[in-house]
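A.B. asks: Handing you a structure now.
The values are calculated or read from the model by the stated rules, or taken from the named source; none is laboratory data. Everything numeric in this text was worked out from a predicted model, so none of it was measured. Every residue, glycine among them, receives a Cβ derived from its backbone with ideal geometry; neighbour counts consider all protein chains shown.
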Amino acid sequence: MAIKKYRSYAEIDRDLEVLKVERELYYRKAALNIQNAKEAIFPTETVSYVGWLYKNVFSGTVGTVLKIAFPYFIQWFINRKRGD
């Protein structure tokens with residue numbers, strides 16, 4: 001990198017301001033990447049939606065029927081013939 005020669009303090013201040021803005025931009029990009037990585041690892045919205053869905057589907061009459069029928073379905077699936 002070549003050494004830059006300045007002619008006034010205004011040029012120095014302008015370059016310092018540009019560097020300050022670039023540093024802030026890189027900082028915000030890094031923070032956003034960290035946030036995206038956290039959301040990819042811990043999908044809280046998906047987990048909460050599954051919990052809500054489970055609570056709503058398995059409550060009431062439909063939930064009672066599913067709770068009774070599900071073990072029979074699992075047993076049928078396990079015991080079925082492979083060729084069918």
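A.B. asks: Find all pairs meeting these conditions: Cβ atoms under 6 angstrom apart; at least six residues apart or on different chains; first residue within segment 1-23 and surrounded by 11 or more Cβ atoms within 10 Å (Cβ to Cβ); second residue in a loop (DSSP other than H, G, I, E, B).
C.D. replies: Between residues of segment 1-23 that are surrounded by 11 or more Cβ atoms within 10 Å (Cβ to Cβ) and residues that are in a loop (DSSP other than H, G, I, E, B), the close pairs are I12/Y6.
A.B. asks: Is it the case that K81 is at pLDDT below 90, basic (K, R) and surrounded by 10 or more Cβ atoms within 10 Å (Cβ to Cβ)? Lay out the reasoning, then the answer.
C.D. replies: Values: at pLDDT below 90: yes; basic (K, R): yes; surrounded by 10 or more Cβ atoms within 10 Å (Cβ to Cβ): no.
Here the answer is no, as K81 does not meet what is asked.
A.B. asks: Residue check: is G63 at pLDDT below 85 and either among the charged types (D, E, K, R) or exposed (fewer than 10 other Cβ atoms within 10 Å of the Cβ) (or both)? Explain how you work it out, then say what you get.
C.D. replies: Values: at pLDDT below 85: yes; either among the charged types (D, E, K, R) or exposed (fewer than 10 other Cβ atoms within 10 Å of the Cβ) (or both): no.
In short, no.
A.B. asks: Would you check if W76 is loosely packed, with under 10 Cβ neighbours inside 10 Å and in a helix (DSSP H, G or I)? Even if it seems obvious, please write down each step before you answer.
C.D. replies: Values: loosely packed, with under 10 Cβ neighbours inside 10 Å: yes; in a helix (DSSP H, G or I): yes.
Spelling it out, W76 is indeed loosely packed, with under 10 Cβ neighbours inside 10 Å and in a helix (DSSP H, G or I).
A.B. asks: Let me ask something else. Go through segment 24-58 and report how many residues are among the charged types (D, E, K, R), within 30 Å of A69 (Cα to Cα) and surrounded by 10 or more Cβ atoms within 10 Å (Cβ to Cβ).
C.D. replies: Of the residues in segment 24-58, 1 are among the charged types (D, E, K, R), within 30 Å of A69 (Cα to Cα) and surrounded by 10 or more Cβ atoms within 10 Å (Cβ to Cβ).
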